[in-house]
Amino acid sequence: MLKKLKYRRSVLVLVVLTSAVFLLVQCAGNDKKTGSAEGVTSNPRYEAYAASEQCASCHKDIYEKHLTTAHHLTGQPANAATIMGSFEEGKNNYSYTPSILLSMQKRDSEFYQVAFYKGEEKKAMRFDMVIGSGVMGESYLNWRGNRLYQLPITFFTAANQWANSPGFPNDRVLIDRPVTARCLECHISYATPTDSARMEPLSFDRNQLIYGVDCQKCHGPAAAHVEYQSKHPEDKQGKFIVNPVKLSRSKQMDICALCHGGNIQKTTPSFSFKAGDDLSDHFIIDTSTTVLLNSPVDVHGNQVGLLKASKCFRMTQTLTCNSCHNTHENQRGKTELFSQKCTGCHNTTDATFRTATHQQVQGIEKNCIDCHMPAQPSKSIAVKLQGQDILKASLLRTHYIGIYPEEIKKYIQQKQP
Ligand code: HEC
Ligand code: HEC
Ligand code: HEC
Ligand code: HEC
Ligand code: HEC
Ligand code: HEC
Ligand code: HEC
């Protein structure tokens with residue numbers, strides 16, 4: 001049974017005004033451009049990458065489809081096309097307390113989150129970068145010097161509203177939460193740190209960024225490939241490029257695990273891992289099954305770990321993320337297509353497939369997903385909406401493929417009343 005939670009707006013909103021209302025921490029003025037000695041940018045790691053537009057000349061179809069994927073969209077410069085929330089009067093405010101308000105405003109051609117205290121403007125922070133494709137939501141980053149800060153307000157798609165950013169305080173405007181390289185490592189493809197002595201850099205060269213999860217995150221830096229193929233149009237073999245299917249199963253999984261492998265800990269400088277490397281040469285990875293099964297299904301959780309714990313993975317030699325996902329395309333919501341991947345291994349005409357429950361369900365081959373990979377609430381993409389006390393969470397598919405009695409009961413009741 002679907003339990004509908006009605007959030008009752010609490011009558012007594014206790015507003016505790018802490019002494020420090022606005023944390024107006026000024027960023028130290030170390031905006032010095034840190035290129036190379038002569039001021040010419042020469043960074044071998046950055047220069048190993050091509051611009052992904054260059055791939056279009058020879059891989060047009062893949063390039064164009066990739067533009068529609070969540071991977072491409074997940075880290076982009078902020079502008080009218082990429083910011084999903086509304087700047088219209090009446091829809092553009094988020095009030096923390098009766099006296100503290102944040103207002104989303106368009107000023108000339110730029111967009112700002114503007115903090116007001118008792119009606120007086122305190123600070124305007126520009127939307128510079130959008131993190132998140134908006135399937136679930138978008139968070140926003142602001143450049144100050146060569147550092148990035150996460151803005152206090154996020155867009156939450158399920159409610160079509162601005163919301164307090166996950167983990168931010170409810171009673172004041174936090175303006176100085178720094179964005180680490182780790183955040184960028186999952187949502188964009190490359191950034192040159194300007195304080196690279198740190199394991200977790202906090203400042204970056206704004207002119208050396210590769211937005212989104214680019215081709216080269218899965219295929220390795222490709223400047224040499226582009227150069228070679230351009231000079232040798234007669235060569236029909238791809239050189240200086242990684243095709244994941246030609247790697248071992250474990251290295252294929254490692255590419256995805258860089259960002260879908262949960263809370264792994266870095267042991268080499270940021271952005272060192274390349275497709276084809278062993279992830280364990282760059283990160284400490286906890287592979288024990290008990291940890292995986294007890295870890296909550298989560299957005300910044302662990303699809304790789306959950307899948308690896310599933311029988312489908314353990315009892316086959318070939319299953320990888322790519323067995324179900326074609327990451328060049330946007331396949332969101334294509335339940336029937338995904339179910340065909342299941343029936344590729346689980347033949348619905350086999351006697352063993354005719355279980356008690358399966359026999360009750362008509363058109364079973366169209367949807368294996370809702371029963372065996374049910375959607376569950378995320379622990380970290382959960383936001384506070386204005387005037388509500390309970391966090392509202394996004395739903396994610398568990399990748400621990402199994403039998404979920406509660407969800408299955410729900411599904412059967414909905415389908416066969
Ligand atoms: C000048 C043409 C050209 C450009 C530009 C180009 N490629 Fe290729 N690429 C090729 C050719 C030719 C092949 C070999 C035939 C094939 O697999 O399509 C290839 C193959 C590949 C393969 C498969 C390799 C394999 O071993 O199976 C990948 C992956 C790839 N390219 C990625 C990229 C990416 C990413 C970019 C942009 C950064 C890019 N290519 C730009 C011509 C090009
Ligand atoms: C550099 C980090 C990174 C790598 C590497 C990566 N992903 Fe992702 N992936 C993301 C992020 C971030 C999102 C969330 C995008 C969003 O909605 O903002 C995502 C989303 C997805 C989605 C959901 C797409 C949708 O339409 O909502 C799928 C499926 C996926 N990734 C599969 C894979 C697979 C398979 C691999 C390995 C071949 C992989 N990813 C490698 C970062 C990565
Ligand atoms: C370990 C990799 C990783 C790190 C670190 C990470 N993310 Fe994510 N993030 C993901 C993945 C993967 C998804 C897609 C959700 C999923 O399918 O699990 C996602 C989803 C999101 C979404 C929702 C996008 C949508 O689907 O609409 C937002 C917003 C987001 N992340 C913001 C952030 C911010 C801000 C940071 C840093 C402070 C951050 N993330 C750090 C991997 C990461
Ligand atoms: C999230 C990871 C990911 C991203 C991003 C990605 N690819 Fe791929 N790509 C793969 C995987 C996995 C395969 C192997 C697919 C297979 O054969 O099953 C592949 C295969 C290829 C191939 C060779 C096979 C074919 O289908 O022709 C080319 C060429 C290619 N990719 C180009 C690109 C280009 C160009 C981009 C960016 C526009 C891109 N890829 C983005 C994961 C990715
Ligand atoms: C590469 C082949 C393969 C694919 C693809 C695959 N499975 Fe499996 N799956 C297996 C094997 C092998 C087992 C273990 C033997 C068995 O129970 O049939 C298994 C086991 C299971 C089980 C029993 C789990 C348990 O803990 O008892 C379920 C349920 C299941 N799969 C559902 C699915 C669904 C749903 C999909 C698609 C989303 C899927 N499988 C995709 C191979 C696969
Ligand atoms: C047996 C099939 C199967 C395999 C293998 C698989 N996925 Fe999925 N995945 C799905 C299905 C089904 C969905 C739900 C798609 C939808 O409804 O849009 C999904 C959704 C996702 C999403 C979107 C966010 C969410 O949870 O709703 C991400 C990210 C993702 N998968 C990543 C991965 C990664 C990384 C791997 C490898 C570790 C992987 N998947 C392996 C079937 C699979
Ligand atoms: C209505 C929910 C539901 C749907 C839809 C469903 N299953 Fe199941 N499945 C179950 C239940 C419940 C079981 C446990 C056995 C039982 O109670 O019948 C099961 C068991 C299984 C098993 C283990 C079988 C065994 O031998 O123990 C596999 C494999 C499986 N399902 C695969 C699939 C595939 C593939 C699809 C889609 C074609 C699918 N299921 C669709 C509910 C469902």
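Data table
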{"item": "Matching residues, region 231-243, being within 12 Å of ligand 2 (Cβ to nearest atom) and under 29 Å from F204 (Cα atoms)", "result": "V242"}
{"item": "Index of the failed condition, S378 passing every other in (1) in contact with a helix residue (DSSP H, G or I) (Cβ under 6 Å, 6 or more places away or on another chain); (2) among the hydroxyl-bearing types (S, T, Y); (3) within 16 Å of ligand 3 (Cβ to nearest atom)", "result": "(1)"}
{"item": "So Y228, is it away from ligand 7 (no atom under 16 Å from the Cβ), within 30 Å of L391 (Cβ to Cβ), of a type in the set (S, T, Y) and in contact (Cβ under 8 Å) with a residue 12 or more places away in the chain", "result": "no"}
{"item": "Members of region 252-274 found to be of a type in the set (K, R) and within 13 Å of ligand 6 (Cβ to nearest atom), listed by number", "result": "none"}
{"item": "Enumeration of residues in region 126-166 that are touching a residue at least 40 places away in the same chain (Cβ under 8 Å), more than 9 Å from ligand 3 (Cβ to nearest atom) and at positive phi", "result": "G145"}
{"item": "Residue match in region 197-216 (condition: of a type in the set (G, A, S), within 30 Å of E88 (Cα to Cα) and buried (at least 21 other Cβ atoms within 10 Å of the Cβ))", "result": "yes"}
{"item": "Residues within region 314-361 that are part of a helix (DSSP H, G or I), without any contact (Cβ under 8 Å) to a residue 12 or more places away in the chain and either more than 10 Å from ligand 7 (Cβ to nearest atom) or touching a strand residue (DSSP E or B) at 6+ places or on another chain (Cβ under 7 Å) (or both), tallied", "result": "2"}
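Values in this text are rule-based calculations from the coordinates and carry no lab data. Since we're looking at a predicted model, the values are computed, not measured. Here Cβ is always computed from backbone atoms with ideal geometry, including for glycine, and neighbour counts include all displayed protein chains.
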